[in-house]
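**Student:** Below you'll find the structure I mean.
The values are calculated or read from the model by the stated rules, or taken from the named source; none is laboratory data. Not measured: the values here are computed from a predicted model. Don't worry about glycine lacking a Cβ; one is built from the backbone with ideal geometry, like all the others, and counts go over all protein chains shown. The area values use the complete protein model at the heavy-atom level, side chains included, leaving out ligands, DNA and RNA. Shrake-Rupley method; radii C 1.70, N 1.55, O 1.52, S 1.80 Å.
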Amino acid sequence: MKIAFVGKGGSGKTTLSSLFIRHLTAVGAPVVAIDADINQHLGAALGLDEDEAAALPSMGERLGLIKDCLRGSNPRIASAESMIKTTPPGEGSRLLRVREDNPVYDACARPVELDGGTARLMVTGPFTDADLGVSCYHSKTGAVELCLNHLVDGRGEYVVVDMTAGSDSFASGMFTRFDITFLVAEPTRKGVSVYRQYKEYARDFGIALKVVGNKVQGRDDLDFLGAEVGDDLLVSVGHSDWVRAMEKGRPSRFEVLENANRRCLHALQVAADATYELRDPERYMRQMVHFHLKNAASWGNERTGTDLAAQIDPGFVLGEGLAATV
């Protein structure tokens, strides 16, 4: 299952996504975790120290390798240079799978040991001083979008992405790449403003959206969230001594996380698993093609000097039944 965590800056989306990743590994599920936020904090939230987090390989800096690998033997893609973030897979493309070893994981993923299991962690890389004035961080997150476009995952497999804050997630079509999106919202007007934006943008794309209330302190907070987001409110999370200790760099074993919060994480997994039966591979491909054509017309054709519409393989549908390519 492909799962996104979104929310305004400071909402706690990185903390919640890291807890969910810990939960999944604790129950033995295979997990690929991706930090696609401009502010790279997921590694630290998963227990890495500053030096370990800084040493993680950047997907943005390895975009050429990623493109060359994913292009495979697809005859519709003349070169890695002609690929853009929305380039869809076709016959001959190299597809990624959660459980396998492949050149992209070798270059960009690192194992993170957690209580009860291991997750593969990938990061876009930080937006550095060298990028200021000359680069757009969407070029870094484009590496994530390209990987998601070529990723085949099955039941019981999880790809968890900590997305950019606020409505920046809509700067590309990546918001349509997920089986379910968890929007982390505080019980404040600002906290639910991103929900309203996301709900409006996502309405036409059949996106499964559920709200995770965070920093909820009592019945008044619950009533506020319920009134603002209605049935989209899935669970609410309150204060956690375990999280506070983790943020100080002194986490206890995950098994002693508060029972109420463990139940919330289980509810997130149940909600994600329920979307498996709702998958529509053909719609998924239509949306992929839709955003590719938009990007091609607005900037991609001019930048690459190529008619990127020719990259679309009209008979190709991404799905679990496809044979692996090497």
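**Student:** Using the Cα centre as the reference, give the magnitude of the dipole from point charges on the C-beta atoms of the chain (Lys, Arg: +1; Asp, Glu: -1; all else neutral), rounded to the nearest 20 debye.
**Tutor:** Dipole magnitude for the chain comes out near 360 debye.
**Student:** Follow-up question, since we're still on this one. From Cα pairs below 8 angstrom and at least 6 apart in sequence, can you work out the relative contact order of the chain, rounded to a whole percent?
**Tutor:** That works out to 27 percent.
**Student:** Do any of Lys13/Lys248; Lys13/Lys210; Lys13/Lys294; Lys2/Lys294; Lys8/Lys210; Lys2/Lys248 go past 20 Å between their Cα atoms, and which?
**Tutor:** Checking Cα-Cα distances, Lys13/Lys294; Lys2/Lys294; Lys2/Lys248 exceed 20 Å.
**Student:** For Asn214, what residues show an amide H to amide H distance below 5 Å, using hydrogens built from the backbone and excluding near sequence neighbours?
**Tutor:** Ala185, Glu186, Val237
**Student:** Tell me, what is the percent relative contact order of region 210-273, built from C-alpha pairs under 8 Å that lie six or more residues apart?
**Tutor:** Relative contact order here is 31 percent.
**Student:** Within 10 Å of each candidate Cβ there may be at most 13 other Cβ atoms; applying that plus a DSSP loop requirement, which trypsin sites (Lys or Arg not before Pro) in region 1-106 survive?
**Tutor:** Arg99
**Student:** How big is the antiparallel share of DSSP beta bridges in the chain, given as a percent to the nearest 5?
**Tutor:** 15
**Student:** Could you please put Tyr276, Tyr195 in sequence from largest to smallest accessible area, using a 1.4 Å probe? Show your work: numbers first, answer last.
**Tutor:** Numbers: Tyr276 45, Tyr195 20 Å².
Ranked list, largest accessible area first: Tyr276, Tyr195.
**Student:** Could you rank the peptides 219-227, 179-187 by their average count of other C-beta atoms within 10 Å per residue, with the highest value first?
**Tutor:** For the peptides 219-227, 179-187, the packing ranking is 179-187, 219-227.
**Student:** Per DSSP H run of n ≥ 4, the term is -39500 (n - 2.57); total these for the chain, divide by its residue number, and report the mean residue ellipticity at 222 nm rounded to 500 deg cm²/dmol. Intermediate results must be reported in sequence, preceding the final value.
**Tutor:** Details: 12 runs with 117 residues, N = 326.
Helix-only estimate at 222 nm: -10500 deg cm²/dmol.
**Student:** Additional query: Taking H placed 1.01 Å from N in the peptide plane, check which residues at least 5 places from Leu233 or on another chain put their amide H under 5 Å from its amide H.
**Tutor:** Val211
**Student:** Scan around Leu96 for amide H atoms under 5 Å from its own, H built in the peptide plane at 1.01 Å from N, and keep only partners 5 or more places away or cross-chain.
**Tutor:** Counting only residues 5 or more places away or on other chains, the set is Leu151, Val152.
**Student:** Using θ = phi - 60° and the Karplus form 6.51 cos²θ - 1.76 cosθ + 1.60, what ³J(HN,Hα) does each residue of region 47-57 get, whole Hz, x for Gly and Pro?
**Tutor:** x, 6, 7, 4, 5, 5, 5, 5, 7, 5, x
**Student:** Under unit Cβ charges (Lys, Arg +1; Asp, Glu -1), what dipole magnitude, rounded to 20 debye, does region 280-326 have relative to its Cα centre?
**Tutor:** With Lys and Arg at +1 and Asp and Glu at -1, about 160 debye.
**Student:** For a quick check of your reading of the filter: which trypsin sites (Lys or Arg not before Pro) in region 143-205 sit in a DSSP loop and have no more than 12 other Cβ atoms within 10 Å?
**Tutor:** Answer by residue number: Arg155.
**Student:** Further question: Projecting each Cα onto the charge dipole of the chain (Lys/Arg +1, Asp/Glu -1 at the beta carbon, about the Cα centre), which of Ile66, Pro111, Thr306 comes out farthest on the positive side?
**Tutor:** With unit charges placed on the Cβ atoms, the residue in question is Thr306.
**Student:** Another question, then. Classify region 252-326 as rounded, prolate or oblate, taking a ≥ b ≥ c as the square roots of the eigenvalues of its Cα gyration tensor: rounded when a/c is under 1.5, otherwise prolate if a/b is larger than b/c and oblate if not. Provide the component values of the computation, followed by the final result.
**Tutor:** Details: a/c = 3.06, a/b = 2.25, b/c = 1.36.
Because a/c hits 1.5 or more and a/b exceeds b/c, region 252-326 counts as prolate.
**Student:** Something else about it: Averaged per residue, what accessible surface does the chain expose to a 1.4 Å probe, in Å²?
**Tutor:** Working: 14510 Å² over 326 residues.
Ligands and nucleic acids excluded, the figure is 45 Å² per residue.
**Student:** Follow-up. How large is the dipole of region 1-54 about the Cα centre if only Lys and Arg carry +1 and Asp and Glu carry -1, each at its Cβ, rounded to the nearest 20 debye? Don't skip to the end; give the middle numbers.
**Tutor:** Numbers: 4 positive and 6 negative charges, 89 e Å.
Around 420 debye, computed over region 1-54.
**Student:** Among (i) 29, 22, 19; (ii) 32, 22, 19; (iii) 32, 27, 20, which is the computed semi-axes √(5λ) of the Cα gyration tensor in Å?
**Tutor:** Identified label for the calculated read-out: (ii).
**Student:** In region 182-243, if the dipole is taken from +1 on Lys/Arg beta carbons and -1 on Asp/Glu beta carbons about the Cα centre, which of Tyr201, Trp242, Leu225 is farthest to the positive end?
**Tutor:** Tyr201
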